[in-house]
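Remarks on the structure that follows.
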Amino acid sequence: MHVHADRGSLAVGRADHVTYHAAPHGAVSWPHQVGVIPRRASAFQDRASAWQLRDASADAATAARILDGMGGVGKTQLAADHARHAWENGEVDLLIWVTAASRQAVIEAYAQAAADILHPDPAYPERAAAAFLAWLEPKPAPQPVRWLIVLDDVADPGDLRGLWPPAHSLGRTLITTRRRDATLTAHGRRVPVGLFTPAESLTYLQQALTVYGRSDNVADLAALTEALGHLPLALSQAAAYLADTHLDATHYRVRLADRARQLADLLPESEALPDDQPTTVAAAWSLSLERADQLRPAGLARPMLQLSAMLDANGVPLQVLIGEPVLTHLTAQRSDGAGQTLPAVSEEEAAGALRALHRLSLIDHTPDEPHQAVRAHQLIQRAIRDSLIPEDRDHVARTAADALIAAWPEVERDTDLARALRANATALLARAEDALYQPDAHGLLHRLGQSLGEAGQSSAAIKHFQHLTDTITHRLGREDHPHALAARGNLAHWRGEAGDSAGASAASAALLEDCLRLLGADHPETLGTRINLAACRGQAGDPDGAAAAFGALLEDLLRVLGPDHPHTLAARGNLAHWRGEAGDPAGAAQLTAALLEDRLRLLGADHPETLGTRINLAAWRGEAGDPDGAAAANAALLEDLLRVLGPDHPRTLATRGNLAHWRGEAGDLVGAAQLTAALLEDRLRLLGPHHLETLITRMNLVSWRGKAGDLAGADTAFAALLQPGDAASRGEGAVPGQGLTNGEGG
């Protein structure tokens, strides 16, 4: 059967039991459109995704193009632009726009197209839709129809079962969806739609505000686009909010940063949304989350996203979200509706919840990047946190803290993992710090500070422990609470490590008085404070006094804690160190060698404390007159450090510096300069040009190049050292020479 229209004879496939009639000549005017294309946004950006879509559509190798991405990135606007471009340029004869939120909506749109072209029985829309799909099938025709079907906002891939338009050399299908299911990509080619670039964000916001007669400071607008995460929907609604409230970008950004404010209160009311938008940013993902929560394993997507919303938007390590604290939390959250707890959630199910969220574009789950396996947009996180009542938000925050602690290794061999854990702990503190002081200071607060210090960030560790001390004291009203004492001890320790020996000594002395009064002389906290105080004496320039203090302290540690306690071992390392500093390097080497035997017995060869003791032993042997032996020991040690701790660990870098030092002392001046130059590159990459360790390495490079006779190279290195902005040129004091690395915390 044929249907005659003014474009000629069109072949139509027959569906079973479908009744339709040929349209009279001229009943359908070509080109023909079914459905309404959404109007163009007032500040539409013709961005790279639009060109990528046009390029993809020019290739007819696959049937459909699938625009996928999180809600609010502008998929519908890109699809509308594509459809409008094809229509206005005469590229299609039939254009069908379907708001495909449900299967019924797709059927009704197809039935409408069939009614316009084929005149089927209107009482049977499913049959009409089938007839229309059959009509689309490729077949010989004098003047075939070029068509484009847009299925916008497909919510469930299952809704399209049996409703996919056929592959056709003259037909194109374009789908927009938040879904990333494999069944979708089996039907076509993905065209992922992401956020605006910073430049696109700024241009968009400027143009959107121009519509309202606004012209704001460019730098302020750029900062605001960053705060909004370059999300097109958020930028559009923020522009409308700024216009309605007559607020400037800077003050709006301050309101956004205020955790006491709800995101919904910082957006236009639903009736004042721009560009016919159906929902606010705050509610844009609610339906997606409902659908994700229905996917297997049912009921776990929502609590998993709530946990993710407390952590770093730039990446959460996988082990954090599949660890025991999270599994326990998910088990408690999952019930059968009758108050009975279902079987315990497994790691496999927790990973399944992450995949469900990924399928709905609520997170990006990339298991191949284990340290940053889960990423979520900052505004999705904000909307999810806002949806929690205070009691639930605090509980989720403490669970996230438990999960971080459980994933945090006692020994930070993997520097990338440690960096990611610190970033997540910092994000959690920024979002829910109050919850981590209920009922007491959570262990994560102390672990974060220790990790900062161990990573070589002494200043950051000091700042952290000062804040922790002040907060605990303020909340509990006393400076002698056990958690406050621990924080004060860490604060004193890292002040000493940073070179503030006087401040560390005064803080340790005050802390010792409180420990003696509250805990007694033999309490581990008291003994640990005595260790710090003794070390401060040496750091203040009294190595003999420090050695004597550690000698006396060691007797008490052996009596109270025994020979194998970490405090006892640390005191032995400090005793060796200060004996060497007091002028007895041979004695220091003997004490360190004996300590190494016990470290090997108790901790094994690859434990960082064992490796730290080897660092010190090599150094003291060099100081005792054996630079060749020290160089050989450092070379062997470096191989183990690279294997165990990795190339970027502070101890690995320190050992490279020591190796260069002893090679030079053994007479290989050129080799020392070369090793130091290579080390400087990594110091600059990891720490920046103004870090103390970078400056030390620069000074050593000047020294070794000069000693090797490379006066021009020494001049160049010295000029770089005195570049404006360096600590030396700012008059912050002399930079000490690079000597041995004390791995014992003394």
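Nothing in this text is a laboratory measurement; each read-out follows from the coordinates by a stated rule. Source: prediction; values computed, not measured. For neighbour counting, all protein chains shown are included, and Cβ atoms are generated from backbone atoms with ideal geometry for every residue, glycine included.
Can you give the relative contact order of the chain as a percent, counting alpha carbon pairs under 8 Å and 6+ residues apart?
7
With +1 on each Lys and Arg Cβ and -1 on each Asp and Glu Cβ, how big is the dipole of the chain about its Cα centre, in debye rounded to the nearest 20?
Details: 66 positive and 92 negative charges, 278 e Å.
Charge dipole of the chain: 1340 debye, to the nearest 20.
Please report, in debye to the nearest 20, how large the charge dipole of the stretch 483-566 is about its Cα centre when each Lys and Arg carries +1 at its beta carbon and each Asp and Glu carries -1 there.
160
How tilted is helix 198-211 with respect to the longest principal axis of the chain? Cα atoms for both, answer in degrees (0 to 90, nearest 10).
Computed tilt is about 50 degrees.
Choose one of Ile696, Gln372, Ala571: the residue whose Cα lies farthest towards the positive end of the charge dipole of the chain (beta-carbon charges +1 Lys, Arg; -1 Asp, Glu; about the Cα centre).
Most positive-ward Cα: Gln372.
Can you give the alpha-carbon Rg of the stretch 588-658 over 2.2 N^0.38 Å, where N counts its residues?
Dividing the Cα radius of gyration by 2.2 N^0.38 Å gives 1.03.
What is the fewest-to-most order of Tyr241, Tyr124 by other Cβ atoms lying within 10 Å of their Cβ?
Least crowded to most crowded, the residues run Tyr124, Tyr241.
For the stretch 448-498, take N as its residue count and report Rg(C-alpha) divided by 2.2 N^0.38 Å.
Normalised Cα radius of gyration, the stretch 448-498: 1.07.
Order 594-600, 505-511, 676-682 from most to least packed using the mean count of other Cβ atoms within 10 Å.
505-511, 676-682, 594-600
Among Met310, Met70, Met699, Met304, rank each residue by its count of other Cβ atoms within 10 Å, from fewest to most, as a rough exposure measure.
Ascending Cβ contact count within 10 Å gives the list Met699, Met70, Met310, Met304.
Take every DSSP beta bridge whose two residues both sit in the chain, then give the antiparallel share in percent to the nearest 5.
25
Taking loop as defined by DSSP and a crowding limit of 14 other beta carbons within 10 Å, which GluC sites (Glu not before Pro) in the stretch 234-291 fit?
Here the sparse-neighbourhood loop sites are Glu269.
May I ask for the net charge around Asp244, where only other residues with Cβ less than 14 Å from the Cβ of Asp244 are counted and Lys, Arg are +1 while Asp, Glu are -1?
Neighbour charge sum, excluding Asp244 itself: -2.
Calculate log10 I(q)/I(0) of the stretch 150-280 for q = 0.20 Å⁻¹, where I(q) comes from the Debye formula with a single equal point scatterer on each Cα and nothing for solvent.
For the stretch 150-280 at q = 0.20 Å⁻¹, log10 I(q)/I(0) is -1.08.
Which listed residue (Leu557, Gly213, Asn658) has the Cα farthest towards the positive end of the charge dipole for the chain, taking +1 on Lys and Arg C-beta and -1 on Asp and Glu C-beta about the Cα centre?
The residue sitting most towards the positive pole is Gly213.
To the nearest 500 deg cm²/dmol, what mean residue ellipticity at 222 nm is calculated for the chain from DSSP H runs of n ≥ 4 alone, each contributing -39,500 (n - 2.57), summed and divided by the residues?
Numbers: 31 runs with 421 residues, N = 746.
Rounded to the nearest 500, it is -18000 deg cm²/dmol.
Computed from the coordinates I sent, Rg and Dmax of the Cα atoms in Å equals one of [x] 26.0, 81; [y] 29.9, 98; [z] 33.9, 110. Tell me the label.
[z]
Could you point to the residue in Asn314, Ser505, Pro232 farthest towards the positive end of the chain's charge dipole, with +1 and -1 charges on the Cβ of Lys/Arg and Asp/Glu respectively?
Going by the charge dipole, the pick is Pro232.
Quick one: angle between helix 711-721 and the longest Cα principal axis of the chain, in degrees between 0 and 90, rounded to 10, please.
The angle comes out at about 70 degrees.
Using only Cα atoms, tell me the angle between helix 566-581 and the longest principal axis of the chain; keep it within 0 to 90° and round to the nearest 10.
Value to nearest ten degrees: 60.
Place the peptides 353-364, 253-264 in order of packing, highest mean first, counting for every residue the other Cβ atoms within 10 Å and averaging per peptide.
Ranking, from highest mean packing down: 353-364, 253-264.
Show me, for the stretch 70-84, the HN-Hα J-couplings you get by feeding each phi into the Karplus relation (A = 6.51, B = -1.76, C = 1.60, θ = phi - 60°), rounded to Hz, glycine and proline as x.
With the stated coefficients, the stretch 70-84 comes to 5, x, x, 8, x, 4, 4, 5, 5, 5, 5, 4, 5, 5, 5 Hz.
Calculate, axis by axis, the spread of Cα positions in the stretch 346-451 along the three principal axes, and write the results as whole Å, longest axis first.
38, 37, 26
May I ask you to order 208-217, 403-412 by the average number of other C-beta atoms within 10 Å around their residues, highest value first? Before the final figure, lay out the partial values.
Values: 208-217: 15.1, 403-412: 18.7.
Most protected by this proxy first, the peptides run 403-412, 208-217.
Given +1 on the Cβ of Lys and Arg, -1 on the Cβ of Asp and Glu, and no further charges, what dipole in debye does the stretch 317-434 carry about its Cα centre, rounded to the nearest 20?
360
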